[in-house]
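Note sheet for the following structure.
The values are calculated or read from the model by the stated rules, or taken from the named source; none is laboratory data. Remember, it's a predicted structure, so these values are computed and weren't measured experimentally. A quick note on method: Cβ atoms are made from the backbone with ideal geometry, for glycine too, and the neighbour counts reach across all protein chains shown. These accessible areas exclude ligands, DNA and RNA; they are computed on the full protein's heavy atoms, side chains included. Shrake-Rupley method; radii C 1.70, N 1.55, O 1.52, S 1.80 Å.
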Amino acid sequence: MVDILIPAIITIITASTPLVYAALGEMITEKSGVLNLGVEGMMLMGAVIGFIAVTQTSSVMLGILAAMLAGAGMSLIFAMLVLGLQATQVATGLALTIFGIGLSALVGQGLVGVAYEGIPKLPIPLLSDIPFIGPILFKHDILVYGSFVITVLVSWFLRKTRAGLILRAVGDSHDAAHAIGYPVIKIRCLAILFGGAMAGIAGGYLSLSYSPLWIENMSAGRGWIALALVVFATWRPGRVFFGAYLFGGITILQLHAQAMGAGVPSQVMSMLPYLATIMVLVLISRDQKKIKMNSPACIGQPFHPSS
Amino acid sequence: MIGKKLNLLAAVTHKVSTMLVALLIMVTGTSVHADGHGMKVGFIYVGPTGDHGWTYRHDIGRQSLESELGVETTYVESVPEGADAGRVIRQLATSGHKLIFTTSFGYMNPTNNVAKEFPDVRFEHATGYKRESDNVSTYSARFYEGRSVIGTIAGHMTRTGVVGYIASFPIPEVIRGINSFTLAMRKVNPDAVVRVVWVNTWYDPGKEGDAAKALIDQGADIIAQHTDSPAALQVAEDRGVFAFGQASDMSTFAPNAHLTSIVNNWDPYYIERTKAVMEGTWESVDTWNGISEGMVSFAPYGDAVPADVRAAADAVKDGIASGSIHPFDGPFNNQAGEQVIGSGEHLDDGDLLGMNYYVEGVEGDLPG
Amino acid sequence: MIPYLEKRAEHSRTMVYISPFIALALTLLGGIMLFSLLGKSPAQAMYAFFVAPLTSLYGWAELGVKASPLVLIGVALSIGFRAGVWNIGAEGQLTLGAICGSCVALWLYQVDSVFVLPLMMVGGVLGGMFWASIPAFLKTRFNANEILTSLMLTYVALLLLSLLVHGPLRDPDGFNFPESRIFHDAASLPIMVNGTRLHLGAVFALIAVGGIWLLLSKSLIGFQIKVIGQAPAAGRHAGFSVNRTIWFTLLLGGGMAGLAGMFEVSGPIGQLLPIISPGYGFTAIIVAFVGRLHPVGSLFAGLLIALSYLGGENAQITLNLPIAVTGVFQGMLLFFLLACDVLIRYRIRFKPVSRFRHG
């Protein structure tokens, strides 16, 4: 049983990691009061640019950096439109997705059939030798470790730092934050860029580690799931992490159930992650006050300093 | 240190940008040949040409028309199988294309509808069964023949006796492939079983890879797939098990794990049919070609395949090509243990067309 | 000189009408750059995108075919968005409408009656409403955020469709291929223009535009929606029920999406397939916003976006432009359209660089 359990858990971790990155990034963006629905497009750009960089330079770090920059670059377009030109956030995000799907396909056109062995695993000495826990937690690549670290960092940032407080203030009431003298536009721009960079890493994880290759549209809707997870998490980093693992976990478990020969139609099996997410959301949404406390009140509303 | 990094970054930017420019030139530099009697051939694809699978192989076939016959070709990619298909097919017909290949099952009814409107244009629909007017042909490949060959290899090479199979959607084509694979495998290894995971997509590298991992975790030491991406092969390579590629030669993605790939080879058919239109000999036919005609072909065996297994696989290949072996030769049973067909007989094409049951040796229930 | 935005005292009526044209002009410029970069003639490309699809009656009809579901769903969604109800699962509601409409058609397969089509429409509307009622219920009863529930239910709906078309709704004579029987004439939408595929759905889309316009400008519920969307607290004080608004907007959006789904299967497709919509439910969200959440705006936005899809197909055929370029170009078009709306509320001013530095 342990023989199956350990690799199954590892698979769940790898399936959940891109969701963790993309959703955490989007959460920070939303905390600042901005809703960017372009995650899928930013992920795809991260995936293709990261893949090009790594296959051209053979440097893992440059690959990840390129993926990050690609995602951030895409989000910069979004930032200019919604912050600079007051464009509607929802529609601009959707347009960014259309744009990103097209642009990534265009950029990646010569990459069909290009293989890459994937970024290396970095087992942590000693820790990775611990039975059971070692292989599960300490034998991953840098991006998986990074997803753990970033979850903690984001959580710490929001709760313990002044900058985190300011970010939340801006998201809760941009007018009040502006009146106090915080640079609302600048803070939102940084939050959007962070979200883009994280989506870029999520995409890079897909093309560098998860299935190291480039194929058009390879994110296959994961950007949308990440968006849903932010809502699911009621804008709390720990819950984003939990949500990503819940979704990833059930996705993998249903594949295992199929492989074991469960007599349920595969379509029904494939519905499970979505249904489970809805059900858990219903369970944790009872406390309206607590959700209100964490959700950015200004989300989606445009801001202009002169108003 | 920082300077060095910046230099590297500059080098990367330079490389990426030169590559981009080269790509842009590649994308747009597709020159149009003027000979080939000025004939235009149109293609409509269900996926992007860069899917490395189904559509990619059709597009290779299209390109062979340009290079071999010098005809002008056009394609429209990622056309959803809904209301859009009819419009695109019609648009190809009205813009001077004399021969139109519609390369997905879901284009069946739109193809036939448009064909009735344009009697002078020839239509070729892949994988369907309707030819409602005499300017419509249908064509498909007997991929199940290829699956018989790789099933033979799997039977010889599995140690655990469990083979994993990643399937897309429960349509007869896919079920036929699973069954053909299983029958061939159990001919050489009667105790081996096939476990199937349905991923409900043709095309999601992450999910295909996860399905491969789940199957390997459950004891499979060989992975076969009826989905389009090479992700499962990469997983097999990583986990040290074997796998078969799909649609195109996928050996570069898994140099050690790759045993062989079934390669969809549409080139000869496309060339033949285009020539027939040029020479005025085109007729409405139903083509179902396999190994003997070369529509189903194979990537070279991987190094891991021992000589005796190669010989056994080649024997099946040759047997199917010559007609001495049929992948669905009796006797064999269905999953419930009831005999489907007795010895000395084999299923005919009619039985194969709508196949919707598993044979003995496949584990799990058939969905749908 | 540094450009900056200065808020107008009131919305510019002129810009309401002019800004889309400025956006189109900018798209033209952007397009010229994009296509020159790709080595294509910009003039040809622009012609392929915006003119060529409309050079025939059939082309105009196809514009209607493509725009109808977008407009139908877009106008309905805009009501919800105005009220701050984020139904982004119209694609799933469309799918359920298609399934339910098809079930009626297949159930009455032997019946040749004028009542088949109206019944299918009722089925489609109810199917879409049912699917939208789940987020509405979960929102009003359990406070579950409708963005998540409606989106997740879209995936469930698509899988449900797959399950049904690969199983119970399969054509019994179809060799187990995943498609239903082809609908009879009694279950097919009447064609509006002979020789084309323009169907009754286009008429309904226009009716929807008019109906929603009336609803918003003349009815009490329309007024409530506007108030609750702009100032929820004020709405509550005025005694408007937030829950009622949630139910109303979701059911309206779901019902219209369901109707659009039924129109697709009963009109241009003619049967139930595993895939019935190329993402109309999602694109309709863009339609609603590009149309500034106004019914007439949504109509024009729907037509323009539909045209860009037709143009993309056309550009592939006539210029060998890969579909990826269409995506980039569409993205650009939308960016400009959305950005130029800023001119309605703001003026672009320039200030000298020096003042900027010191001040």
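Assuming R0 = 22 Å, what is the FRET efficiency of A:VAL152 and A:ALA297, from their Cβ-Cβ distance, to the nearest 0.05? Calculated transfer efficiency: 0.25.
Normalised size of region A:160-307, defined as Cα radius of gyration per 2.2 N^0.38 Å with N residues, equals 1.30. Using a cutoff of 8 angstrom between alpha carbon atoms and counting only pairs six or more residues apart, the relative contact order for chain C works out to 36 percent. Shielding value for C:158-170 is 5, the average number of Cβ atoms from other chains within 10 Å of each residue's Cβ.
Peptide C:310-322 shows a mean partner chain C-beta count of 6 within 10 Å per residue C-beta.
Post the alpha-carbon centroid distance, region A:196-212 to region C:308-324, in whole angstrom. Cα centroid to Cα centroid, the span is 29 Å. For chain B, set up a Gaussian network in which alpha carbons nearer than 10 Å are linked by springs, and say which option among B:GLY323, B:GLY155, B:GLY106 fluctuates the most. Of B:GLY323, B:GLY155, B:GLY106, the most mobile in the Gaussian network model is B:GLY323. Taking every lysine pair in chain B that is 8 or more places apart or spans two chains, those with Cα atoms closer than 28 Å amount to 14. Distant-in-sequence amide contacts of A:ASP141, defined by a placed amide H-H separation under 5 Å and a gap of 5 or more residues or a different chain, comprise A:LEU122.
Expressed as a fraction of 2.2 N^0.38 Å, the C-alpha radius of gyration for chain B is 1.06.
Multiplying each eigenvalue of the alpha-carbon gyration tensor of region A:2-294 by 5 and taking the square root yields semi-axes of 30, 24, 19 Å, largest first, rounded to whole angstroms.
Each part gets one Cα centre, and for region A:240-307 versus region A:141-170 those centres are 21 Å apart. For region A:76-90, the Karplus equation 6.51 cos²θ - 1.76 cosθ + 1.60, evaluated at θ = phi - 60°, returns couplings of 5, 4, 4, 4, 4, 6, 7, 8, x, 10, 6, 6, 4, 5, 4 Hz by residue, with Gly and Pro reported as x. Scoring C:192-204, B:186-198 by mean Cβ neighbours within 10 Å over their residues and listing the highest first yields B:186-198, C:192-204. Spin-label model, C:TYR4/C:ARG236: points 7 Å from Cα along the beta carbon direction are separated by 3.8 nm.
The listed peptides B:170-177, C:208-215, ordered by packing as a protection proxy, come out as B:170-177, C:208-215 (highest mean of other Cβ atoms within 10 Å first).
Near A:HIS174, once Lys and Arg are set to +1 and Asp and Glu to -1 for all other residues with Cβ below 14 Å from its Cβ, the sum equals +1.
Note on A:204-211: average number of Cβ atoms from other chains within 10 Å of each residue's Cβ is 3. Once the convex hull of all Cα atoms in region A:151-247 is built, its volume per residue stands at 111 Å³.
DSSP bridge analysis restricted to chain B gives an antiparallel fraction near 15%, rounded to the nearest 5. Amide hydrogen proximity for B:GLU293: with H placed 1.01 Å from N in the peptide plane, no residue at 5 or more positions away or on another chain lies under 5 Å. Ordered by 1.4 Å accessible area with all protein chains kept, C:MET262, A:MET68, A:MET61 run largest first as A:MET61, A:MET68, C:MET262. Each peptide in B:227-234, C:333-340 receives the mean, over its residues, of other Cβ atoms within 10 Å, and ordering these scores from highest gives B:227-234, C:333-340. Taking a straight line from the alpha carbon of C:LYS139, these lysines sit under 21 Å away, with near neighbours fewer than eight places off in the same chain left out: A:LYS289, A:LYS290, A:LYS292, C:LYS226. Across region C:226-359, the volume of the C-alpha convex hull divided among the residues equals 204 Å³ per residue. How high is the relative contact order of region A:2-294, in percent, with contacts defined as C-alpha pairs under 8 Å that are six or more residues apart? The normalised contact order for region A:2-294 reaches 35 percent.
Each residue, C:SER113 and A:GLU117, gets one label point 7 Å from its Cα in the Cβ direction; the gap between the two is 7.1 nm.
Assuming 0.36 nm per residue, please report the length gained on full extension of the stretch C:ILE207 to C:MET33 beyond their Cα-Cα distance. Extending this stretch completely gives an extra 58.7 nm. Whole Å is fine, so just give me how far the alpha carbon centre of region B:310-355 lies from that of region C:154-228. The two parts, judged by their Cα centres, are 45 Å apart.
Taking all protein chains in place and a 1.4 Å probe, what share, in percent, of the accessible surface of region B:139-295 do carbon and sulfur account for?
On the way: 1880 of 3990 Å².
Its accessible area is 47 percent carbon and sulfur atoms.
Over chain C, the pair-distance histogram of Cα-Cα distances with 20 Å bins from zero comes to 27, 54, 18, 2, 0 percent, rounded to whole numbers. Counted over the protein assembly as shown, the DSSP beta bridges are approximately 25% antiparallel.
For C:PHE350 and B:ALA311, the FRET efficiency from 1/(1 + (r/R0)^6), where r spans their Cβ atoms and R0 equals 56 Å, is about 0.10. Would you mind computing Rg(Cα) / (2.2 N^0.38 Å) for the protein assembly as shown, counting N as its residues? Computed over Cα atoms of the protein assembly as shown, the ratio equals 0.92.
Couplings 3J(HN,Hα) of region B:91-98, computed from phi: 5, 5, 5, 7, 9, x, 7, 8 Hz, in residue order, whole Hz [Karplus 6.51 cos²θ - 1.76 cosθ + 1.60, θ = phi - 60°; x for Gly and Pro].
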